[in-house]
Amino acid sequence: MKVQCQCGAVSFETPTPAPTAVYHCHCTECQRQSSSAFGTSAIFPANGLFPLSADLQAKLGCWTRPAKEGRTMDCYFCNACGVRIMHRIRNADGQERPTVSIKGGAVKDLDWSEATHIYTRSAVVPIPPGAEKYETTPPPNSPALVSGRRNRGGQLQQQTPMILQYIYDRHNGHWS
Ligand SMILES: [Zn+2]
Ligand SMILES: [Zn+2]
């Protein structure tokens, strides 16, 4: 699937032909990040996209913020138009998670029909009737986390409310 930012400077193919899961997250962090009602994340394996090509390294900026339990989230955005493109979690030991969360609106022809709504406790728009939805994160046995739409690592961790202190960390040029 093609991923593109608003200005078109950032453009690449997803590592697999379809995401393993799609989430609409209604948490206040996603509202602020998207400057909108909710954030949409399409989950893909990181392998095949990371390590980033030299072209993407040159065109993407990265802001890293703290997450729970010593983890951090690398937030990639277009250097030209500022659009957030994707998120990836690092464990406390610096090891990157095997998945990457690509922002849904940047993914061309994304199938939105199976999306799971999470953090609905802070939703500011109605949740469609019949949609799979959770007040916060889905429980471990939820349909969102089983039967091929599994993602126990990156996505749900990164949807948790963040610590107040943000760290700005531009590390263009050393992405190891
Ligand atoms: Zn752009
Ligand atoms: Zn969220």
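What follows is calculated from the coordinates using simple rules that are stated; it is not laboratory data. No experiment lies behind these values; they were computed from the predicted model shown. A quick note on method: Cβ atoms are made from the backbone with ideal geometry, for glycine too, and the neighbour counts reach across all protein chains shown.
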For the range 54-60, in order, what is each residue's ³J(HN,Hα) by Karplus, 6.51 cos²θ - 1.76 cosθ + 1.60 with θ = phi - 60°, in whole Hz (x at glycine and Pro)? 4, 4, 5, 4, 6, 9, 9
I need the phi-derived Karplus couplings for the range 107-116: 6.51 cos²θ - 1.76 cosθ + 1.60, θ = phi - 60°, integer Hz, Gly and Pro marked x. 9, 5, 6, 5, 7, 8, 5, 9, 5, 9
Neighbours of residue 14 by Cβ distance under 13 Å: Lys/Arg at +1, Asp/Glu at -1, summed charge 0
Using Cβ contacts closer than 10 Å as the measure, can you line up 2, 59 from fewest to most? 2, 59
The range 33-154, relative contact order [Cα under 8 Å, separation at least 6], %: 21
Sort 107, 100 by Cβ crowding within 10 Å, fewest neighbours at the top. 107, 100
The residues 90, 97, sorted from fewest to most surrounding Cβ atoms within 10 Å, come out as 90, 97
